[in-house]
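Peer 1: Structure incoming, see below.
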Amino acid sequence: MKTHIEVREGGLSASEPDLWLRDQGRSGAVVMFSGQVRDEQGKVEALHLEHYPGMTESVLGTIVEQACSRWHLNGAWVAHRVGTIQAGEDIVQVAVSSAHRQAAFEACAFIMDLLKTRAPFWKKELIDGCWIWVEARESDDQAAASWLQDATGRAPR
Amino acid sequence: MMVQVRFFAALRERAGRDAIQIDLPEGVSTVAQLVDWLAETDVALAQALEATPRRMVAINEVLGNEDSVVEAGDVVALFPPVTGG
């Protein structure tokens, strides 16, 4: 099992996790999620991301460890941008590899759902020349909670 | 006891500072008590906290809650709900 956790100011490229996760036939499945900056019908020009250096990496590491204890994974890559990001650019990448697709699909969704509600990032949107803090959504809390409620009744795959 | 309190995002902007060192009196031993004490002793922080009613807390970089115990030397971070991803 290998893991890559990174917070960076520069751009993200989909080929990076793809190449990094290749393991000469050990894994049969790679699932990657890319989160991109929506412009909300041309309203949002850019985002600015702030984080809590040190805690961010540690929380992401814990989330990946939890995913590894629930699913048999061969690799997990989490990269998140901070700083100013333009509409249309990638803001986050979560990619996992596993022998079979079900584990890879579920683990990727799990990592992303927990990242949204646990990892200390905050974003502002640039709208009409003003930076406005984005409010957290209750639906994100519910998505994360749904994984944790069934934690006891499920065997890892 | 001395603790460091850090603020992030909208709460940091409203507080006008990113960190403070404080000497907590006896009897202030949980996050909820710490927040109440900050609001009682610092008008600007009281306003910033009131303007940010939904908050999360981390103690020494681990998520906690308002009942978490605060000890000497701890770094307590207060911030609005996270919005990454």
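Every number in this text was worked out from the coordinates using simple rules, so none of it is lab data. Note that this is a predicted model, so its numbers are computed, not measured. FYI the Cβ positions are ideal-geometry reconstructions off the backbone, even for glycines, and counts take in every protein chain you see.
Peer 1: Residues with amide H under 5 Å of B:E61's amide H, sequence separation 5 or more or different chain, H placed in the peptide plane at 1.01 Å from N; which?
Peer 2: For B:E61, whose amide H was placed from the backbone, the distant partners under 5 Å are B:A77.
Peer 1: Shifting gears a bit: Taking H placed 1.01 Å from N in the peptide plane, check which residues at least 5 places from B:A19 or on another chain put their amide H under 5 Å from its amide H.
Peer 2: Distant-sequence amide H within range of B:A19: B:F7.
Peer 1: While we're looking at this one, here's another question. Of all DSSP beta bridges located in chain B, what percent are antiparallel, nearest 5?
Peer 2: Counting only bridges with both partners in chain B, antiparallel ones make up about 75 percent.
Peer 1: Restricting things to Cα coordinates, could you compute the convex hull volume per residue of segment A:2-151 in Å³?
Peer 2: Value for segment A:2-151: 109 Å³ per residue.
Peer 1: Relative to the Cα centre, what is the charge dipole magnitude of the protein assembly as shown, using +1 at the beta carbon of each Lys and Arg, -1 at the beta carbon of each Asp and Glu, and rounding to the nearest 20 debye?
Peer 2: The dipole magnitude comes to about 940 debye.
Peer 1: While we're on this one: So which lysines can A:K124 reach, going by Cα to Cα under 26 Å and dropping same-chain residues fewer than 8 places off?
Peer 2: A:K43, A:K116
Peer 1: Got a sec to turn the phi values of segment B:26-38 into Karplus ³J(HN,Hα) couplings, 6.51 cos²θ - 1.76 cosθ + 1.60 with θ = phi - 60°, whole Hz, x for Gly and Pro?
Peer 2: Per residue, the Karplus-derived 3J(HN,Hα) values read 4, x, 9, 9, 10, 4, 4, 5, 4, 5, 4, 5, 4 Hz.
Peer 1: Can you give the average number of partner chain beta-carbon atoms within 10 Å of each beta-carbon in peptide A:46-52, as a whole number?
Peer 2: 3
Peer 1: Right, something else. Using amide H atoms built 1.01 Å from N in the peptide plane, name the residues 5+ places from B:G84, or on other chains, whose amide H lies under 5 Å from its own.
Peer 2: Counting only residues 5 or more places away or on other chains, the set is A:F121.
Peer 1: Using helices alone, I'd like the mean residue ellipticity at 222 nm for the protein assembly as shown: each DSSP H run of four-plus residues gives -39500 (n - 2.57), total over residue count, nearest 500.
Peer 2: The helix contribution divided over the protein assembly as shown gives -10000 deg cm²/dmol.
Peer 1: What ³J(HN,Hα) values, in whole Hz, does the Karplus curve 6.51 cos²θ - 1.76 cosθ + 1.60 give for segment A:124-140 when θ = phi - 60°, with x put for Gly and Pro?
Peer 2: Values per residue, Gly and Pro as x: 10, 10, 9, 10, 6, x, 10, 8, 10, 5, 7, 7, 5, 9, 5, 5, 5 Hz.
Peer 1: Now for a different question. If you plug each phi of segment B:45-52 into the Karplus form 6.51 cos²θ - 1.76 cosθ + 1.60 with θ = phi - 60°, what whole-Hz ³J(HN,Hα) values come out, in order, with x for Gly and Pro?
Peer 2: 3J(HN,Hα) across segment B:45-52, in whole Hz: 5, 4, 5, 5, 5, 5, 6, 10.
Peer 1: Further, regarding this structure: Do you know the relative contact order of chain A, to the nearest whole percent, from alpha carbon pairs under 8 angstrom that are 6+ apart?
Peer 2: Relative contact order comes out at 32 percent.
Peer 1: Within 10 Å of each Cβ of A:116-129, how many other protein chain Cβ atoms are there on average?
Peer 2: So the per-residue partner count for this stretch is 4.
Peer 1: Using only the alpha-carbon atoms, what does chain B span along each of its principal axes? Please give whole angstrom values in decreasing order.
Peer 2: Ordered largest first, chain B gives principal extents of 37, 28, 18 Å.
Peer 1: Roughly how many whole Å is it from the C-alpha centroid of segment A:131-146 to that of segment B:48-72?
Peer 2: 18
Peer 1: Hey, another quick one. How crowded by other chains is B:75-81, given as the mean number of beta carbons from other chains within 10 Å of each beta carbon?
Peer 2: If you average over the peptide's residues, the count of other-chain Cβ atoms is 3.
Peer 1: While we're here: Mind jotting down the distance between the C-alpha centroids of segment A:35-87 and segment B:11-45, whole Å?
Peer 2: So the separation of the two Cα centres works out to 29 Å.
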